[in-house]
Amino acid sequence: MKPLPPTLRPDKRYVLGRIVPHDAGLDGKELYYGIYDAVVSLFGDLGAANMSMSVVFSDCNWVIIRCSRGSESELKTAVATVNQAGGKKCAIRCVATSGTIAALKRKIPQPFPAKELKDVEIADMKYSVVSVSQEKVDLYQEGIKHQDTLYFTREDLEEL
C-alpha cells in the first residue's frame, strides 16, 4: 500500500508542554493516559476521537503532543486541567504550538550544565553543588549544623 501524498494527508499540529514539577519522572505512556483522561472528561469520546491526540515526544521536563489541525485550543484547555499522571501529582503548562516537531524541539531550553559547578565559594564559605534545575541550584556546605538560604539570579549563576 502506497503512502498518501502530503496534499492528501490530514493536517496535524503539535503543542509543547512543560511538566511541573521538574522531577516528576513520567514517561510518555503515563503522560498520554493522563492527558487523554483530561480530554475525554472535557470533550467526551467523540471530541477525543476528532482531536486524535497522542504524545509523540517526552523528555524529563517536556512533552510534545500531536492533535488534528483546528483542535489546538481544545487540547490546550484539556492539558491545563491535568493534575496527575501515572499516580503522581503534576501539571502541564503549554508553551508553544507549531506545525512541526523540529520547531518545538528548538524551543526547549538547554539545561544548565551541573558538571561545570563543582565547588562554589561565596562569602568565604565553600559550597558543593548538589543539583541544578531550570531556575534553582541546590548548594550544601560540609560540616555545618544549620542551613543558609541563598538566592541567585541568572546573572549570578553565570558568574559562578
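The values are calculated or read from the model by the stated rules, or taken from the named source; none is laboratory data. Small disclaimer: the values here were computed from a predicted structure and weren't measured. Virtual Cβ from ideal backbone geometry, glycine too; neighbours counted across all protein chains shown.
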message: Which pairs turn up if I take residues in the range 69-88 that are on the phi > 0 side of the Ramachandran plot and look for partners that are acidic (Asp, Glu) with beta carbon separation below 9 Å, at least 6 apart in sequence or on another chain?
response: GLY70/ASP11; GLY86/ASP27; GLY86/GLU30; GLY87/GLU30
message: One residue is enough: does the range 76-94 have a residue meeting the conditions touching a Lys or Arg at 6+ places or on another chain (Cβ under 6 Å), farther than 11 Å from ARG13 by Cβ and not polar (S, T, N, Q)?
response: yes
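Yes/no per residue for (1) under 26 Å from GLY87 (Cβ atoms); (2) assigned to a loop (DSSP other than H, G, I, E, B); (3) in the same structural domain as THR81 (by TED's automatic domain parsing); (4) touching a residue at least 12 places away in the same chain (Cβ under 8 Å):
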{"site": "MET1", "(1), (2), (3), (4)": "no, yes, no, no"}
{"site": "PRO5", "(1), (2), (3), (4)": "no, yes, no, no"}
{"site": "ILE19", "(1), (2), (3), (4)": "yes, no, yes, yes"}
{"site": "ALA24", "(1), (2), (3), (4)": "yes, yes, yes, yes"}
{"site": "GLY34", "(1), (2), (3), (4)": "yes, no, yes, yes"}
{"site": "ASP45", "(1), (2), (3), (4)": "yes, no, yes, no"}
Breaking point among (1) surrounded by fewer than 13 Cβ atoms within 10 Å (Cβ to Cβ); (2) touching an Asp or Glu at 6+ places or on another chain (Cβ under 9 Å), for THR97: (1)
query: Out of curiosity, is VAL39 crowded, with 19+ Cβ neighbours inside 10 Å, in contact (Cβ under 8 Å) with a residue 24 or more places away in the chain and not in a strand (DSSP E or B)?
result: yes
